[in-house]
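Data block below; observations after.
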Amino acid sequence: MFARIGTWCHDRRRLVLVAWILVLVVLNGIANGAVKSDYKQDFSLPGADSTKGFDILKAQFGGKAPGVGGTIVFKADQGVNDPAVKAAMTTFLTNVVAIKGVAGVESPYDPGGQRFVSSNGDSAGKIAYANVNFPRDVDFGTIPDIKKQILAAEPKIDGVQIELGGQILAAFEQPTTEAIGLGFAIVILIIAFGSVLAMGLPVAVALFGIGIGGAGVIFFSHILSVPEFAPFLGVMIGLGVGIDYALLIITRYREQLHLDHTVRESVAIALDTAGRSVLFAGGTVVISLLGMLLMGVSFVQGLAVSASTTVLITVLASLTLLPALLGFAGANVERTRWRGLVAAGLVAVGLVGYGLQFKPLMVGTPLALLVLLLGFFVPKLKEEVRHRAPRPRRETLAYRWSRGIQHRPWTAFVAAGGALLILSVPILGLRLGFSDESNFAKSTTTRKAYDLLVAGFGKGFNGPLLLVTELKPGTTLAQLATLKTAVSADPNVAFVSDPIPNSPLAPTAALWNVAPKTGPQDAETASLVHRLRSGVLPGVEQTIGSDVHLTGFTAGNVDASALMGKRLPYFFLAVLGLSFLFLMTVFRSILVPLKAVVMNMLSIGASYGVIVALFEWGWLGKLTGLSPGPIEPWAPMMLFAIVFGLSMDYEVFLLSRIREEWLHSGDSHTSVSDGLAATAKVITAAAAIMVVVFGSFLLEDNRTFKLMGTGLSVAVLLDATVVRMLLVPATMELLGDRNWWLPKWLDNILPNIAVEGTEGAAAFEHEHEEALREERERELEPSAGD
């Protein structure tokens with residue numbers, strides 16, 4: 001089937017290319033024109049205490065109570081109650097209430113608003129804040145416009161500093177550092193292929209996958225709760241896997257050209273061999289990502305669907321668009337001219353400059369176009385770049401390296417395994433949770449607002465808790481007062497408001513604002529949430545006669561983190577179990593898939609350890625610009641799904657070649673070296689590309705991008721070096737022929753799955769050999785004149 005897909009796309013390459021271009025243009029036109037995005041970040045959990053509280057707020061307070069909130073924090077040297085300051089700020093906050101999409105504003109100048117004015121030390125009376133409340137189902141796509149309107153309405157008062165706080169009003173800028181990764185990817189591809197055209201094909205496939213996948217994310221945002229950073233994770237993933245998958249197929253295609261196959265035959269064989277590996281790897285990533293649907297958190301489900309959509313589109317592009325592009329390129333992927341090489345280098349420089357926002361470097365692309373134009377007139381630029389002849393396989397560095405490891409397998413095994421285990425040690429201190437505004441750059445208004453609140457009120461006012469209850473008829477104020485007394489007694493509570501009824505005459509519900517002494521991301525705040533629910537509120541509920549629910553944005557984050565932490569092991573076990581069964585079926589072995597699963601877990605565990613050390617413990621904070629904080633609870637799942645699929649791709653690609661050599665020679669020792677030597681170049685190039693693409697996101701200010709970029713780049717780096725270069729040859733040497741042991745009874749019941757080498761490829765090989773034989777026979781026949 002794969003061979004037929006390859007030949008069909010090759011033969012109808014114009015139709016295939018036009019179809020992909022139309023899909024890209026039409027979907028993006030609809031998505032960005034008529035549909036628009038509807039991003040949400042809903043942490044509500046079915047049955048959770050925080051969700052029940054939000055339901056009461058929505059039903060009893062008409063959406064005007066805090067759901068998702070930001071803050072307007074201001075500091076006045078002359079005092080916030082100065083007549084001029086009070087008049088200007090009152091007008092400003094009134095204008096904010098009138099902005100469409102704002103549910104309400106709690107002002108320090110409202111009756112009872114004195115609690116929003118600081119009474120601490122030197123800041124007493126000088127720092128105040130107002131809560132800006134949004135509906136629980138707020139459209140995050142409208143927030144940038146709301147923020148612009150707030151900034152436009154800000155008064156200019158001498159001696160007054162105004163800052164916007166809260167995650168919802170945080171500055172969310174589109175990342176540009178992916179251009180750095182793309183620029184370095186161009187350089188790596190040129191070094192690996194020695195051809196500009198061969199370099200351009202993987203980049204084109206990745207860009208098509210990202211473009212169409214991004215439109216799909218916008219469509220899904222109207223069906224699911226998709227967070228606003230989902231498209232940028234799609235860019236990160238799409239660049240990495242798109243270039244990686246295309247690289248494997250193009251490498252196999254070039255191998256067939258070197259064996260004197262026609263372009264059409266080479267395309268078919270590449271799709272029928274490497275294409276299967278790509279489908280398996282992409283399918284593993286998609287299935288792993290969709291496994292996150294079982295976590296039961298709405299925004300995680302939206303993130304899983306949007307990310308898997310980008311991967312799926314990229315796989316489809318690799319299996320259909322790439323064969324068409326190879327048909328256009330033909331045998332020219334083997335050659336390049338100096339004009340193309342220089343132009344590609346200038347484009348790479350321009351992309352890096354754009355990513356670094358360094359304007360002088362952004363002229364790279366215009367210069368590249370100029371070089372291409374001059375290339376038609378300057379003889380030197382017309383010349384082809386000469387390449388050195390490839391070394392015989394057993395003279396390559398990869399072969400010699402593998403033989404060296406195999407001569408000392410125990411040393412390599414202990415050193416590599418020990419290094420990965422040491423890097424994994426910090427994972428024992430992993431704490432899942434959502435980071436707060438203290439992790440933003442100090443230059444942002446979000447961080448300045450956070451610091452002002454800490455100075456004026458304490459950390460806990462950056463993430464207040466809400467207590468809400470429905471009142472039974474006859475409930476007295478004395479009964480409600482018991483809640484404030486009981487909650488205030490907790491040592492980590494800084495403030496509890498008086499009960500706020502939903503109606504002054506006949507209230508049917510009431511809420512209380514609670515400010516902890518610790519920040520939203522602190523472990524002590526999560527402990528406070530659990531402690532109030534289990535030890536304090538049950539007694540109050542008996543007095544009031546109704547259930548009291550602890551809710552709010554911070555409490556919702558605590559509930560989501562706890563739920564995902566509990567379900568994470570089941571997610572891991574499901575993915576690992578399915579991967580083991582698949583690899584066992586493919587390689588007809590028990591030990592090979594077992595080793596693959598264990599070694600992949602080691603590399604992923606080591607990457608988790610690095611993340612904990614950098615992001616949770618704050619190691620190298622001055623270098624990375626990170627403040628200590630918990631690890632986002634969805635990140636381990638996302639990292640595991642992506643990295644496991646990518647590492648399985650390398651595993652299949654490498655082990656398939658080793659098994660092929662073993663079946664051919666029967667030597668379990670040299671087959672490892674030959675297989676490693678045959679695949680080392682493409683695996684190294686693919687891994688290097690993903691490391692620079694993922695690693696480029698470390699330069700972003702956004703903590704989420706830094707975290708994902710670090711985790712993915714470290715995991716891929718360790719997998720392609722420590723695992724593939726040390727552990728694989730060492731363990732394969734130690735086990736010898738036992739690598740391929742499989743009980744006969746199990747062999748009889750397992751289905752046959754061909755990942756590399758099929759009847760379709762064999763048919764093309766046979767046809768090719770027959771054609772060569774007939775050509776040789778014609779050459780040997782005597783001519784008519786003899």
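Assorted remarks:
- Candidate set from segment 222-251 (those that are open to solvent by 10 Å² or more (accessible area, probe 1.4 Å) and part of a helix (DSSP H, G or I)); member that is farthest from Leu45 (Cα to Cα): Thr251
- Scanning segment 431-460 for residues that are surrounded by fewer than 24 Cβ atoms within 10 Å (Cβ to Cβ) and either more than 36 Å from the chain's Cα centre (by Cα) or among the charged types (D, E, K, R) (or both) returns Arg431, Lys442, Arg447, Lys448, Asp451, Lys459.
- Looking only at segment 508-553, residues that are open to solvent by 50 Å² or more (accessible area, probe 1.4 Å), more than 14 Å from Leu483 (Cα to Cα) and either in contact (Cβ under 8 Å) with a residue 40 or more places away in the chain or part of a loop (DSSP other than H, G, I, E, B) (or both) come to 4 in all.
- Among the conditions (1) in contact with a Ser or Thr (Cβ under 8 Å, 6 or more places away or on another chain); (2) touching a residue at least 60 places away in the same chain (Cβ under 8 Å); (3) closer than 13 Å to Arg703 by Cα, Glu616 misses just one, which is (1).
- Yes/no for Gly556 being in contact (Cβ under 8 Å) with a residue 12 or more places away in the chain and either surrounded by 21 or more Cβ atoms within 10 Å (Cβ to Cβ) or out of contact with any His (no Cβ under 8 Å at 6 or more places or on another chain) (or both): yes
- Any hit, segment 411-430, residues being surrounded by 12 or more Cβ atoms within 10 Å (Cβ to Cβ), part of a loop (DSSP other than H, G, I, E, B) and at pLDDT below 85: no
- Looking across segment 461-476 at every residue that is open to solvent by less than 50 Å² (accessible area, probe 1.4 Å) and at pLDDT 90 or above, the one that is farthest from the chain's Cα centre (by Cα) is identified as Leu471.
- Segment 673-762 holds helices (runs of 4 or more DSSP H) entirely within its bounds, and those carrying 2 or more residues that are over 30 Å from Phe232 (Cβ atoms) map to 728-735, 744-749.
- Residue among Gly141, Gly125, Gly183 that is in contact (Cβ under 8 Å) with a residue 12 or more places away in the chain and within 15 Å of Gly101 (Cβ to Cβ): Gly141
- Filtered residues of segment 133-147 (kept if farther than 21 Å from Ile218 by Cβ and either in contact with a Phe, Trp or Tyr (Cβ under 8 Å, 6 or more places away or on another chain) or at pLDDT 90 or above (or both)): Arg136
- Look at segment 47-60: where a residue is over 15 Å from Thr508 (Cβ atoms) and of a type in the set (Asp, Glu) and a partner is at pLDDT 85 or above and not in a helix (DSSP H, G or I), sitting 6+ places away or on another chain with Cβ atoms under 8 Å, you get Asp49/His549; Asp49/Leu550; Asp49/Thr551.
- For segment 235-259, the set of residues classified as under 15 Å from Phe208 (Cβ atoms) and hydroxyl-bearing (Ser, Thr, Tyr) consists of Tyr245 only.
- Lone unmet requirement of (1) over 20 Å from Met637 (Cα atoms); (2) open to solvent by 10 Å² or more (accessible area, probe 1.4 Å) for Ala730: (2)
- Options Leu45, Leu57: the member that is farther than 30 Å from Leu322 by Cα, at pLDDT below 95, among the aliphatic types (A, V, I, L, M) and assigned to a loop (DSSP other than H, G, I, E, B): Leu45
- Scanning segment 477-494 for residues that are open to solvent by less than 60 Å² (accessible area, probe 1.4 Å) and either assigned to a loop (DSSP other than H, G, I, E, B) or in contact with a Cys (Cβ under 7 Å, 6 or more places away or on another chain) (or both) yields a total of 2.
The values are calculated or read from the model by the stated rules, or taken from the named source; none is laboratory data. All of these numbers come straight from a predicted model, not from anything done at the bench. Methodologically, a virtual Cβ is constructed for each residue, glycine included, from the backbone with ideal geometry; neighbour enumeration extends over all protein chains shown. Accessible surface areas use protein heavy atoms only, side chains included; no ligands, DNA or RNA. Shrake-Rupley method; radii C 1.70, N 1.55, O 1.52, S 1.80 Å.
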